[in-house]
Every structure is written in structure tokens, then in C-alpha cells.
1. Restricting to region 106-143, give me the number of residues that are assigned to a loop (DSSP other than H, G, I, E, B) and either among the basic types (Lys, Arg) or within 23 Å of Gly189 (Cα to Cα) (or both).
2. Under 8 Å between Cβ atoms, at least 6 apart or on separate chains: pull out the pairs that start in region 118-130 with a residue that is in contact (Cβ under 8 Å) with a residue 60 or more places away in the chain and end on any residue that is part of a strand (DSSP E or B) and among the acidic types (Asp, Glu).
3. Please verify whether region 32-50 includes one or more residues that are small (Gly, Ala, Ser), at pLDDT 70 or above and in contact with a His (Cβ under 8 Å, 6 or more places away or on another chain).
4. Going by what's in this entry, would Ala197 be described as closer than 16 Å to Gly64 by Cβ and out of contact with any Cys (no Cβ under 6 Å at 6 or more places or on another chain)?
5. Can you give me the ranges of the strands (runs of 3 or more DSSP E) entirely in region 144-216 with at least 3 residues that are buried (at least 19 other Cβ atoms within 10 Å of the Cβ)?
6. Quickly run through region 165-216 and pick out the residues that are of a type in the set (Lys, Arg) and farther than 13 Å from Val143 by Cα.
7. Can you confirm whether region 126-138 contains a residue that is under 24 Å from Asn90 (Cα atoms), in contact with a Leu (Cβ under 9 Å, 6 or more places away or on another chain) and not aliphatic (A, V, I, L, M)?
8. Among (1) of a type in the set (Phe, Trp, Tyr); (2) over 24 Å from the mean Cα position of the chain (by Cα); (3) within 16 Å of Gln75 (Cβ to Cβ), there is one condition Phe181 misses while meeting the rest; what is its number?
Amino acid sequence: MNFLRTQSLQRIADVLKLKLNGVLWKTQSNLNVVAGHGISFAQIEAKDVSTLTVSAGGSNGSIGYWGSFWDTTNQTIASTTTAYVIAIGNSDSNNDEVSVVSGNRLTVANAGAYRVGISIQLTNDQSQAHDAVLWVRKNGVDVADSASRVTVPSTHGGINGHLIVFVELAQKLAAGDYVQFVWHANNTGVKIETLPAGTTPVYPQIPSVIVTINQI
């Protein structure tokens, strides 16, 4: 019956006042649900039924803010006693509310908890192995216990030594907060280097830096 439609029941509920022992009973309850990022609601009204559909995943397929970045420049050091901020020069066109500011500041537009990861391609053109250290800064301040130390192999057979370093950590960030990645090495022959694509077999260019960030 059309009389049973939700709108009709609500109108009747506004009119009827039911009391038990002099206390007014609630005749109507409202549920307010607010969609978050990447979550949407759609309500369809039929004759006697209301259908609420909840969809997870925004237009980019993610329910959290995210970004993908990389760099294809060679990054060197001039001093073994100086810390150097790693440059990030390229961004995915689909990035959602995360950007790189000033060439190295991974910046979020919205508060939340984020998982941040960086991969750097280290090379060493010296005949001895040398060490490098990678760590994280948040808003210009070193993050405690975020450093990793590795040994980059020496040259061998006329080929530079190579090593991938990957670091990932979770950080609680406010809107406008930024993260930077910092490194140093104990010899200037160690560098963060982009390597060319392969031909036999064919494989893509190897960026010097790859960075990802995902809201969690």
C-alpha cells in the first residue's frame, strides 16, 4: 500500500504522540551516516522499500589519499660529513591530495595516518665497498629511529657496484605536513643513480628514486 511508504510513516509519526506512564515515547529514529573519502551512498525509493547502496573506492579506485613519485636525475654528494635531501622530480598524474613541494617535500593536504615508502638505486664507482645511510625527516626534523645503513659493493669486472635500499614507515600527519628523505655516504664515489633501460631482455629504465605514500 502507498500508505506504508517511509515518508507517510514519518508524517504519521509526527502527529501521533504515544505516552506510557506519562512519559513520551520516541516515535521516530534518524540514522545519519556520513561518507568518507572514496565512499559514496546512493538511495533508491521504491513503492514500499528504500534501498541504500554503499560504494567503496573513489574514481581512482582508492579509499584513501595516495601518491606515487619518482626521480630520474643522478644525485651525488660533495662531502662525506654533510646530509643531503633527496630530490623527487616526477609525479603520477592520478595522485590524490598528495604532492611534492619545493622539489623534495612530500606533502599531504589532509590529516591522517600514512604509510610512506622510498626505494633508492645506489651505485659505487670505487674499488672498495662503501657505506650509505638513509633516513626520514618530518617537517624538517629527523624522525627518531628511521635510519638504515647499507654497504654498497665495489666495482667488479669494470661494472659499478649496485644496491637497492628500501625504507617504509607509518607516520601520523596533519594537513600541510611534509616528509623528506635524507642520505649521506662515507665516500663521494657513492651516488643515487638512474640506470638505462635494458635491451636484452627489454626492461624499463631504472629511476634513481621511487616514492609511494598511502593513507592507512
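The values are calculated or read from the model by the stated rules, or taken from the named source; none is laboratory data. Note that the coordinates shown come from a computational prediction; the quantities given were computed from them, not determined experimentally. For neighbour counting, all protein chains shown are included, and Cβ atoms are generated from backbone atoms with ideal geometry for every residue, glycine included.
1. Number of matching residues: 5.
2. Pairs that qualify, where the first residue is in contact (Cβ under 8 Å) with a residue 60 or more places away in the chain and the partner is part of a strand (DSSP E or B) and among the acidic types (Asp, Glu), are Ile118/Glu168.
3. Scanning region 32-50 turns up no residue that is small (Gly, Ala, Ser), at pLDDT 70 or above and in contact with a His (Cβ under 8 Å, 6 or more places away or on another chain).
4. The answer is no for Ala197.
5. 178-185, 190-192, 209-215
6. Lys191
7. Yes; the residues of region 126-138 include at least one that is under 24 Å from Asn90 (Cα atoms), in contact with a Leu (Cβ under 9 Å, 6 or more places away or on another chain) and not aliphatic (A, V, I, L, M).
8. Every condition holds for Phe181 apart from (2).
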